[in-house]
Structure formats: structure tokens, C-alpha cells
Amino acid sequence: MIASLRLAAAVKERASDLGFDACGIASAGETQHADYVHQFFQQGRHGDMAWLANRRDERLDPRTYLPGARSIIVVATSYNVPLRHPERAERVEGPRLPSDDQTRSLDKLGMTEGKVARYALGIDYHDHLKNRLFTLADWLRTETPCETRVCVDTAPVLESEWAARSGIAWQGKNRLALSTTLGSYLLLGEILTTADLAGDAQATNRCGTCNACIDACPTDALTPYQIDPRRCISTWTIEHRGDDLPGDPHGWLFGCDICQEVCPWNRKAAPATDPLVQPRPGFESGTLDAEAVLRWTPDDFRSATRKSAMRRVKLPQLQRNARAVLSNGRA
């Protein structure tokens, strides 16, 4: 037991050295939300995302994903970056004119801007998160004989639940991981391992009676601790493959942060300090000019989205979103 405690403490220290903002450990086991998972798929809430229904057994029990897994190391990196836009940040430094159109008037700025989810403003987090996780996993195998498997959000792991069970965050009413110190703008990653590590106490749910995220969602995608992605603006603008969006994106060009923007815990969270999550040049305002996006060539798209999570969509999808933003008059 003492060895398990010491190794767990060493894992957390190493994770901090690698730049992670939080690290916790949970004992591997079955999900506590099997009923929710089964209901989610039975009701077809995954919509166009057929791939979500694959590998369901692994989602229900990570020990199926890594046979013999005993522990799950969960890490978090904050991407709570301040934005330079008067409508989306408290730290207002004035509107920023895009570099490709310095002649536009200030009163026009904001009328054609499409919002981009905060996680997509920096470089693609999958690569740098995985690299740090692989480094941590390699180190762990030198400390004790074990097997490891690194996971980010593309793996069949219920990340928010394991964040809660590892003690670093609870699962909020919008089903996102929430931390008292970091808020919900969190990039999560996991290492499944056969090593026996001392686990942490499960995080306490601190949403209380607050329903800010549910009340703010303009498409009614949320009910307490439930989400219907078929109604979610983020799903519409990223995963939907049709020629038209299912509804009004409410000014969002890529993704959606509405339920996070209204969360009281995010108002208390410290700004992200990791240089790898800071906005790329031209994305400091958290917006793109929707009219300019409609004029983009494939080369423009490749240049603007290079090493970005925005590569999840193709240019025709992004231009479809831009048309929806402009036609609904909410840019």
C-alpha cells in the first residue's frame, strides 16, 4: 500500500512537471453511468455520429480497452484563454481587425464575425496532449513493470466520468468536467495502466441548484446531466455533413461555448498559462470574418487551419456554417 501511495504521488509530480494543470487517479472499473449510455444510443442521440456507437463495451468498462487495467491516470490542461473581443471577454482590449482586411470600418466589425470554440483557437491539442501523456506513460513503465494505454477524446473512454472519479473535476449539468479552480475549459487525457496506483476520492458535485448552462442553451440541447447532440450547435457545425445546418447556429462558425460562457465557475477560473493552448495569430478575438471565409480558397483554408482542431471540418462545411451565421443575422 505504501508503494502504491508513493508511486501515485510520483505520477502526479511528474505530470505537473510535464505541464498538466491537474492530475488524479481512479481505480479502473465499470462505468457508473451504464443506464445513461444505453439510453443515449437507444434513443439515437448520437445522430450523424455513427462512430460513437462503435466499441460500446470499451466505453462501459475501460478494462476491455486495456485488459488487466487496474488504474486510470487522468490529467487536465486548462484552455481558459482570454479573448480580445468586447462581446466575449471581460478583458476588453478593443476589436482586432483581421490582417487580410485592414480597411474595414469598426462599425462593420462584429456584424460579420463568426465565433470559434475556444479549444480550437490554438494548435491541435491532440498532438501535444498525447506527446505529454506518452512521456508520462514511458516514465511510469520505468518505475514499475506495467502496461499502459494513452487516451484522448478520440478513444472510447468516458472522460468526464473518469475525471470525476479521479477527483480532479465533477461532471456538470452540461456533462462537461468542472473544477473549482480551473472551470470547465479543460482538455482531458488518460493513461490506462495495469499498475496498482492509490486512487483519489471522487470529486464532489458543486453545481447545486444552478441551471445557467441549461437555461442559456438556445437549442434546448441540455437537460440536467443530459445532452442531446442532435440539438447541439457544436455538433451541427462540426459533425453534421449536410448542405444546410439543422438550425440557427447563433453566431457560431465552429463549435459552441455558450454553456461554458455562462458557468459561474469559469468566471472564477484562472487564465490558462500553457503556451500551446494560446490563440494562433489571427484568432485572438475568438472569431473569424464569416464573409472572408466564404471567399477562402482551399489554400486559404489550409493555411488558416494548419495544425488546428478546425481541420475536423472541410472547407465546404466551414463555408456552409459561414452562410448560416450570416443568413441568421447573429454574427
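The values are calculated or read from the model by the stated rules, or taken from the named source; none is laboratory data. Model, not experiment: these values are computed from the prediction. Positions of Cβ are backbone-derived with ideal geometry, glycine not excepted, and every protein chain shown enters the neighbour counts. In case anyone asks, the SASA skips ligands and DNA or RNA and just uses the protein heavy atoms, side chains included. Shrake-Rupley method; radii C 1.70, N 1.55, O 1.52, S 1.80 Å.
Quick rundown of the values:
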quantity: The range 169-187: number of residues that are closer than 24 Å to Asp248 by Cα and open to solvent by 30 Å² or more (accessible area, probe 1.4 Å); calculated: 2
quantity: Answer residue from the range 104-128, given it is within 27 Å of Arg59 (Cα to Cα) and modelled with pLDDT of 95 or more and is nearest to the chain's Cα centre (by Cα) among those; calculated: Tyr119
quantity: Lone qualifier among Pro275, Pro264, Pro298 - being touching a helix residue (DSSP H, G or I) at 6+ places or on another chain (Cβ under 9 Å), without any contact (Cβ under 8 Å) to a residue 60 or more places away in the chain and closer than 24 Å to Thr181 by Cβ; calculated: Pro264
quantity: Glu190 vs. criteria open to solvent by 30 Å² or more (accessible area, probe 1.4 Å) and either on the phi > 0 side of the Ramachandran plot or not hydrophobic (A, V, I, L, M, F, W, C) (or both); calculated: no
quantity: Test set (1) under 30 Å from Ala15 (Cβ atoms); (2) among the charged types (D, E, K, R); (3) at pLDDT below 95 - Asp257 fails condition number; calculated: (3)
quantity: Per-region count, the range 255-305, residues farther than 26 Å from Gln317 by Cα and basic (Lys, Arg); calculated: 2
quantity: Any hit, the range 287-306, residues being touching an Asp or Glu at 6+ places or on another chain (Cβ under 9 Å), closer than 22 Å to Leu187 by Cβ and of a type in the set (D, E, K, R); calculated: no
quantity: Selected residue (only one of Thr223, Thr237 is closer than 17 Å to Ile258 by Cα and either touching a His at 6+ places or on another chain (Cβ under 6 Å) or in contact (Cβ under 8 Å) with a residue 24 or more places away in the chain (or both)); calculated: Thr237
quantity: Which listed residue is basic (Lys, Arg) and over 19 Å from the mean Cα position of the chain (by Cα), from Arg165, Arg230, Arg206, Arg175; calculated: Arg206
quantity: Residue within the range 304-314 that is surrounded by fewer than 19 Cβ atoms within 10 Å (Cβ to Cβ) and closer than 18 Å to Pro249 by Cβ present; calculated: yes
quantity: Matching residues in the range 138-166 - criterion: being of a type in the set (A, V, I, L, M) and open to solvent by 30 Å² or more (accessible area, probe 1.4 Å); calculated: Leu158
quantity: Criterion: of a type in the set (Val, Ile, Thr) and more than 25 Å from Gly114 (Cβ to Cβ) - qualifying residue of Thr237, Thr204, Thr219; calculated: Thr204
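Listed here are the residues, each with its yes/no results for (1) out of contact with any Lys or Arg (no Cβ under 7 Å at 6 or more places or on another chain); (2) outside any helix (DSSP H, G or I); (3) charged (D, E, K, R); (4) loosely packed, with under 13 Cβ neighbours inside 10 Å.
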residue	(1), (2), (3), (4)
Leu5	yes, no, no, yes
Ala10	yes, no, no, no
Glu13	yes, no, yes, yes
Gly19	no, yes, no, no
Ala26	no, yes, no, no
Val37	no, no, no, no
Gly47	no, yes, no, no
